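Everything below concerns the one structure shown next.
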Amino acid sequence: MPYIQIEVNKSYSTAVKKQLAKSIGESYADIMQADVKRITVTIRELGEGSVWRCGEGDPEPTAIMMCDIRAGRPRETREKLSKRLIEICNDILELEVNQLNIEFTQHTGDEMYHQWMGHLSEEWSPDEVKPKG
């Protein structure tokens with residue numbers, strides 16, 4: 001963890017998806033104080049008419065981002081990350097304002113195994129990433 005998934009109605013080039021993954025990973029690592037090597041990003045291009053937001057009138061085309069993360073960050077930090085992720089997606093994917101919603105599912109560290117680590121994850125700690133310099 002984290003595992004960040006975005007579901008969209010459009011298709012994008014590999015270069016755009018790579019740019020999106022890099023921007024999401026860097027922003028997540030910075031804001032959430034996490035090792036960037038832990039972050040996995042998926043972009044699910046479900047095709048036109050596949051993701052909808054219901055409302056009082058007709059449903060509107062939308063996008064959704066699901067963030068499976070280790071528990072422990074305060075609400076304000078998750079909100080800051082949400083705003084940054086929306087900014088990134090609106091810019092890189094050219095989503096419309098108010099088109100993307102973000103949902104968090106918080107897990108204990110031992111619910112994720114990283115092959116490169118060789119063990120289950122530890123609980124998140126704010127001193128997980130040492131300051132650069």
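Restricted to the range 7-33, and to residues that are hydroxyl-bearing (Ser, Thr, Tyr) and open to solvent by less than 20 Å² (accessible area, probe 1.4 Å), which residue is farthest from the chain's Cα centre (by Cα)?
Start the filter on the range 7-33 by keeping residues that are hydroxyl-bearing (Ser, Thr, Tyr), which leaves 11-14, 23, 27-28.
Narrowing the set further to residues that are open to solvent by less than 20 Å² (accessible area, probe 1.4 Å) leaves 27-28.
Values: Ser27: 9, Tyr28: 7 Å.
Checked the range 7-33; the qualifying residue farthest from the chain's Cα centre (by Cα) is Ser27.
Any residue at all in the range 48-64 that's surrounded by 14 or more Cβ atoms within 10 Å (Cβ to Cβ) and either under 12 Å from the mean Cα position of the chain (by Cα) or acidic (Asp, Glu) (or both)? So far as the range 48-64 goes, yes, one or more of its residues are surrounded by 14 or more Cβ atoms within 10 Å (Cβ to Cβ) and either under 12 Å from the mean Cα position of the chain (by Cα) or acidic (Asp, Glu) (or both). For the range 1-32, give me each residue that is under 17 Å from Asn101 (Cβ atoms) and of a type in the set (Val, Ile, Thr). Hits for the range 1-32 are Ile4, Ile6, Val8, Ile24.
Which residues, counting only those in the range 72-96, are within 13 Å of the chain's Cα centre (by Cα) and among the polar types (S, T, N, Q)? Passing the criteria: only Ser82.
What do you reckon, is Glu45 more than 28 Å from Met117 (Cα to Cα) and open to solvent by 30 Å² or more (accessible area, probe 1.4 Å)? Considered against the rule, which asks whether it is more than 28 Å from Met117 (Cα to Cα) and open to solvent by 30 Å² or more (accessible area, probe 1.4 Å), Glu45 comes out as yes. Of the residues making up the range 65-84, just one is open to solvent by 40 Å² or more (accessible area, probe 1.4 Å) and within 13 Å of Val41 (Cβ to Cβ), namely Met66. In the set Ile88, Ile69, Ile92, Ile39, only one residue is β-branched (Val, Ile, Thr), within 19 Å of Glu122 (Cα to Cα) and in contact (Cβ under 8 Å) with a residue 60 or more places away in the chain; that residue is Ile69.
Being part of a strand (DSSP E or B) and in contact with a strand residue (DSSP E or B) (Cβ under 8 Å, 6 or more places away or on another chain) is a condition met by at least one residue of the range 7-23. Taken over the range 85-113, the criterion of being under 22 Å from Lys10 (Cα atoms) and either touching a His at 6+ places or on another chain (Cβ under 6 Å) or surrounded by fewer than 16 Cβ atoms within 10 Å (Cβ to Cβ) (or both) is satisfied by Glu87, Asp91, Glu94, Glu96, Val97, Asn98, Asn101, Glu103.
The values are calculated or read from the model by the stated rules, or taken from the named source; none is laboratory data. Everything numeric in this text was worked out from a predicted model, so none of it was measured. Note that we place each Cβ from the backbone using ideal geometry, even for glycine, and neighbour counts take in every protein chain shown. For the accessible areas, the whole protein counts, side chains as well, though only heavy atoms, and no ligand, DNA or RNA atoms are used. Shrake-Rupley method; radii C 1.70, N 1.55, O 1.52, S 1.80 Å.
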